[in-house]
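Here the structure is laid out as C-alpha cells; the discussion comes afterwards.
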Amino acid sequence: MKAKEVLDNLKRRFPNEPEYHQAVSEVLGTIEDVYNEHPEFEKSNLIERLCIPDRIFSFRVTWVDDKGQVQTNMGYRVQHNNAIGPYKGGVRFHASVNLSILKFLAFEQTFKNSLTTLPMGGAKGGSDFSPRGKSNAEIMRFCQAFVTELWRHIGPDTDVPAGDIGVGGREVGYMYGMYKKLARENTGTFTGKGIEFGGSLIRPEATGYGNVYFLLQMLKTKGIDIKDKVVTVSGAGNVAQYTVEKLISLGAKVVTMSDSDGYIYDPDGIDREKLDYIMELKNLYRGRIREYAEKYGVKYVPGARPWGEKCDIAMPSATQNELNGDDARTLLANGCFAVSEGANMPSTPEAIDEFLKAKILYAPGKAANAGGVSVSGLEMTQNAQKLSWSSEEVDQKLKDIMANIHAQCLKYGTQSDGYVNYVKGANVAGFMKVAKAMMAQGIL
Ligand code: NDP
Ligand code: 2IT
C-alpha cells in the first residue's frame, strides 16, 4: 500500500469531502509501515475496505416548528465498520453537519472504539438541524422525526447511537422514547440515557474525566504534577465542562473556556462556583459564554479561540480544526508542553506537525477522548445484564481503560529516541485490532 495512492484514489472517488480526506490521511501516514509488513492485508485490499464505510443511510427529516411552519433537514447514519462489535457512535446536530464531517467522525470512531478494549465497531450520525434558539418542544418534535427514519437501522446488537455536539441527555431521551415506541423493545439501543431508564452513572462526565485521566498518564511519564498547572480549555459544552470539573478538583488552574462566538479569559482561574454558573448558563438557559465575562468582570474576546493565552497545557474540547498551525506555534512559544484533545480532530495537520516536531506531550482525540464511548460501552454491558453499577465502579473502570489506551500508545508509539508519538501509537494499535478482526472474518 502506498498511502498517497490510496488517498488520491479516495479523493477522486469521493470529492468535496475535505474532513474525511483529512482524517484518512492522518491515519494512513502513520500505519503505512506496519501495513506493509503484512502482505496478506494488501492481498485482500484491506485498506480500502477499512477506509470506505460499510454503508450510509441518508434521509429527509420533516418537522413542524412552533409557528406551525413545516421544516426539513437532512438526517444521516454512517455505519463505518463492525468487525469488532456492533456499530457504535454518537449523533451530532449542528448546522455544519454534512457527509464529509460524519464520514470523518465514523472513521475516527472505528479506531477509537478499537482502542477502548470493548467490543464496539464504529459509526456516526446526525443532522444539519441547528438546536440553537429552538424551544424544548421543537427539539422534541425534531428528535422524534429523526428517529422515525433512523430506528429501522439501529438496535442493541446492530448499531447503538449516543450524543455528540448538540445532542445531550435531553435529546437522547426524546430519541430513545420514540425508538421504543416504534421498535417495541426495551434493551437500551441508545447510550447516554437518563439514569432512571437504563443510563450509566458517570456517562455525562466520562469524556472530560477520561481526557484528564489520559493527561495524568502522559504527565506521569515525565514526573510532572498537574497541581497549579495553567490550562486553556476550549468549548463550554459537555466535554469542556467535565474536563474543567476534574481539573479543578486536582488543583489545576483553568483560565479559558469558549463557545462558537468567542472565549473568556479568567486570570484567577475558573473555580467550582464559577463552573456551576457556566453549567447552569449553558445547560439550562442555553446562554452565551460572554455572559460569564460580564458577571465576573473578566476579558471576553469575540470571534476568537483561546490559544493565544499563555498556558502549560491546552485541552481543545469544542470542534474539528479549531487549532491551526499558527495557534500551535503560539502555544509552543508560550511554553505549552502538553496538548490533550477532548474534541475529535481539533488540531489541523499543520498543528499536529508542530507538536510532534517540538516533541511535546500530544494526545490525539481518538485516544484522549475515548472515555465517553468507553462508558457508553459499559452502559451497554449494564443494560444487557439488567443491572447498574455504582459511580465508583464505573469511574474505576474508566480509569483502567484510559490507562490501558495509554499503555497501547506507548507500546506502538515509542520512538528509538524515547519520544512517544501518541498519534502513531493510537493509530497503529487501533488499526491492528480492526485489521486482524477483518482478516479473520473473510472478504466482506
Ligand atoms: P456540546 O454540544 O455539548 O458542546 C460543544 C461546544 O463546542 C459548545 O461550547 C459549542 O459552542 C462549541 N462549538 C460547537 N461547534 C463549534 C464550532 N463550529 N465552532 C466553535 N465552537 C463550536 O458538544 P460536546 O461537548 O459533546 O462535544 C465537543 C467535542 O467533543 C466534539 O468534537 C465532539 O465530537 C467531541 N466528543 C464528544 C463526546 C461526547 O461524549 N459528548 C465524546 C468524544 C468526543 P456553542 O455553545 O456556541 O454551540
Ligand atoms: O465522539 C465520540 O466518541 C462520541 N461522541 C461518543 C460516542 C458514544 O457512542 O458514546
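Miscellaneous remarks
- Simple spin-label estimate for Lys357 and Gln69 in nanometres, 7 Å along Cα-Cβ: 4.9 nm
- Packing-based ranking of 10-20, 104-114 yields 104-114, 10-20, ordered from highest to lowest mean Cβ neighbour count within 10 Å.
- Measuring between alpha carbons in the structure, the pairs from Lys180/Lys399; Lys112/Lys274; Lys4/Lys436; Lys11/Lys134; Lys124/Lys357; Lys222/Lys246 lying more than 28 angstrom apart are Lys180/Lys399; Lys112/Lys274; Lys11/Lys134; Lys124/Lys357.
- Relative packing of 272-278, 363-369, which averages over residues the other C-beta atoms within 10 Å, highest first: 363-369, 272-278
- Diffusion constant of region 335-444 at 25 °C, which comes from Stokes-Einstein with the Kirkwood Cα-pair radius and 0.890 mPa s, µm²/s: 156 µm²/s
- Around the Cα centre of region 312-373, unit charges on the Cβ atoms of Lys, Arg, Asp and Glu (plus for the first two, minus for the last two) sum to a dipole of about 200 debye.
- Highest average first, the peptides 57-69, 395-407, 324-336 ordered by how many other beta carbon atoms sit within 10 Å of their residues are 395-407, 324-336, 57-69.
- Among residues other than Arg272 with Cβ under 12 Å from its Cβ, the summed charge is -2 (Lys and Arg +1, Asp and Glu -1).
- Note on Asp326 and Ser260: their simple-model spin labels are 2.2 nm apart, each label 7 Å out from Cα toward Cβ.
- Segment Val34-Lys295, extension gain: residue separation times 0.36 nm, minus the distance between their alpha carbons: 88.6 nm
- Summing Lys and Arg as +1 and Asp and Glu as -1 over all other residues whose Cβ lies under 12 Å from the Cβ of Leu46 gives a net charge of 0.
- A simple count of charges around Asn9, restricted to other residues whose Cβ falls under 11 Å of its Cβ and scoring Lys, Arg +1 and Asp, Glu -1, yields +2.
- Prolate/oblate/rounded call for region 203-352, Cα gyration tensor, a/c under 1.5 rounded: rounded
- Set of aspartates and glutamates with alpha-carbon distance to Lys2 below 16 Å, sequence-local pairs under 8 removed: Glu26, Glu32, Asp33, Glu37, Glu40, Glu42, Glu48
- Averaging over all projection directions, the Cα-based convex hull of the chain occupies 20.6 nm² in the image plane.
- Three principal axis lengths of region 233-291 [C-alpha, angstrom, descending]: 28, 20, 18
- Furthest towards positive pole of dipole, Ile289, Ile154, Leu216, structure part region 134-290, Cβ charges: Ile154
Every read-out reported here was derived from the displayed coordinates using simple, explicitly stated rules and does not represent laboratory data. Values in this document were obtained by computation on a predicted structure and should not be read as measured data. Cβ: placed from backbone, ideal geometry, glycine included. Neighbour counts: every protein chain shown.
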